[in-house]
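First up is the structure itself, then whatever we jot down about it.
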Amino acid sequence: MKSLQQEKSLQREKSLQREESESRQPGRPHIEHAYFEDFLAARGLAPPRRDVVRTLQLNIGLRCNLACHHCHVESGPDRHEAMARHGAERVLELLEANPQVEVLDITGGAPELNEHFRFLVRGARALSRRVIDRCNLTVFYEPGQEDTAKFLAEHEVEVVASLPCYTLENVEAQRGRGVFGRSIEALQWLNRLGYGRAGSPLRLDLVYNPGGPHLPPETGELEARYRSELQEHFGIDFDHLITITNMPIKRFAHDLERAGKEAEYMALLANHFNPATLDGLMCRSMVSVDYEGRLYDCDFNQALGIGIAAGGRTIWDVDDLSRLTGGPIATARHCLGCTAGAGSSCAGALVEFPAAGTEAEAETMPA
Ligand code: SF4
Ligand code: SF4
């Protein structure tokens, strides 16, 4: 029997899928692979090349208990794609064979819903790697997930938790009704386990993304605001705030198109291009893996089906990831999302804010 929240999520997912298929019309622009390289060349800049792979980012499945507006992988309760056991085993083999890879960064969907999530966590921790769980917080209240928070703490998994604002209105506008209250309770739960507390080894970072077609505000100021609001109203502690730019792909791109704001948003990104972000692009030091073991230069390329440029199509085709070093990266128009203003990555901004003129275009947070 489905809960009211699950029913609502299902309805929302169906409506999003319907809207998406309606928005796919013949002749729509396809991915422009040369766009970003041409954009850089026009500014006398070379395309980014790969550095040493330090992070393996794994999307272990698309099932999620939520169906957020901005979701770039279009996850939801109706998605059932998931990494199988043999894929998880191969990922651990790759980790073992590549000691330069320091981090296993696990995402989804809600990664905890994959039945092999704990196998992967235990395996990577046994290999002394940092493990990140990109967690939507509300998953802790799903059936069968009652001890997930405790499991994460026992294995010192770093939790990167989505919380796009410190107000109920803004969170629920993006993520659905009831999400804010459960997110707050989940954060309090993590705090009780030691996450985010001063001096604790259990790291808890929060993720902010703008509610609309804006750039994120300056991280330091926003982090201070989050800290004071969450501490004052809910007694919540956390380590750092990660600010992420909304990528102009998938659900967010469809929202922009429906609102007639796609060109405006792309112009915003292009006008705030910041060459200082290029050195820190996450695709230089990451390999992204999908639930079927295919390789990509980043999670956004994965969402768009743009395979890794440097060779090796799946986790079964590569053994030594150091062979990728110095190789090319598959870029396209959406890469402007990583290079605008202070830049953006799964670890947050890439350089100091502000790049000239960014403040005026950044999202204004509620007082
Ligand atoms: S919680 Fe994350 S994976 Fe799930 S729908 Fe929202 S953005 Fe997508
Ligand atoms: S979207 Fe960002 S991380 Fe991905 S290839 Fe482009 S610049 Fe790199």
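In nanometres, what is the gap between the two model label sites at LYS261 and GLN231, each 7 Å from Cα along Cα-to-Cβ?
Distance between label points: 3.3 nm.
Give the distance, in whole Å, between the Cα centre of segment 310-351 and the Cα centre of segment 87-143.
Cα centroid to Cα centroid, the span is 20 Å.
Looking at the square roots a ≥ b ≥ c of the eigenvalues of the Cα gyration tensor of the chain, which shape do they give, rounded for a/c under 1.5, prolate if a/b is larger than b/c, or oblate?
rounded
Identify the GluC sites (Glu not before Pro) of segment 30-78 meeting these criteria: DSSP loop state and at most 10 other C-beta atoms within 10 Å of the C-beta.
For GluC sites (Glu not before Pro) across segment 30-78 that sit outside H, G, I, E and B with at most 10 neighbouring Cβ atoms in 10 Å, the list is empty.
Nearest 5 is fine: what % of DSSP beta bridges in the chain come out antiparallel, could you say?
20 percent
State the answer as a single residue: which of ILE249, GLY235, ALA173 lies farthest towards the positive end of the charge dipole of segment 30-361, with beta carbon charges of +1 for Lys and Arg and -1 for Asp and Glu, about the Cα centre.
Checked the options; the winner is ILE249.
Please give the charge dipole size of the chain, origin at the Cα centre, charges +1 on K and R Cβ atoms and -1 on D and E Cβ atoms. Round to the nearest 20 debye. Kindly include the intermediate steps, with their values, before the conclusion.
On the way: 39 positive and 53 negative charges, 111 e Å.
Roughly 540 debye for the chain.
Of LEU104, LEU92, how do they rank once you tally other Cβ atoms within 10 Å and put the fewest first?
Values: LEU104 26, LEU92 18.
In order of increasing Cβ crowding within 10 Å: LEU92, LEU104.
Filter the chymotrypsin sites (Phe, Trp or Tyr not before Pro) in segment 228-257 to those in DSSP coil with at most 15 other Cβ atoms within 10 Å of their Cβ, and list the result.
Answer by residue number: there is no such site.
Could you size up the charge dipole of segment 138-274 around its Cα centre, putting +1 on the beta carbon of Lys and Arg and -1 on that of Asp and Glu, and report it in debye to the nearest 20?
Dipole size: approximately 220 debye.
Given LEU222, TYR141, ALA267, which one lies farthest toward the positive end of the charge dipole of segment 30-361, if we put +1 on the Cβ of every Lys and Arg and -1 on the Cβ of every Asp and Glu?
It is TYR141, whose Cα lies furthest towards the positive end.
What residue among ARG90, ARG129, ARG284 shows peak mean-square fluctuation when the chain is described by a Gaussian network model with Cα springs under 10 Å?
Top of the fluctuation ranking is ARG90.
Counting pairs of alpha carbon atoms under 8 Å apart in space and at least six apart in sequence, what relative contact order in percent does the chain give?
Averaging sequence separation for qualifying contacts and normalising by length gives 22 percent for the chain.
Just from its helices, what would the mean residue ellipticity at 222 nm be for the chain, if runs of 4 or more DSSP H residues each count -39500 (n - 2.57) and the sum is divided by every residue, rounded to the nearest 500 deg cm²/dmol? List each step's numbers first, then the result.
Numbers: 13 runs with 128 residues, N = 367.
Value at 222 nm, helices only: -10000 deg cm²/dmol.
Since every read-out is calculated from the coordinates, none of them should be taken as a lab result. Fair warning: this is a prediction, and the values are worked out from it, not measured in the lab. Here Cβ is always computed from backbone atoms with ideal geometry, including for glycine, and neighbour counts include all displayed protein chains.
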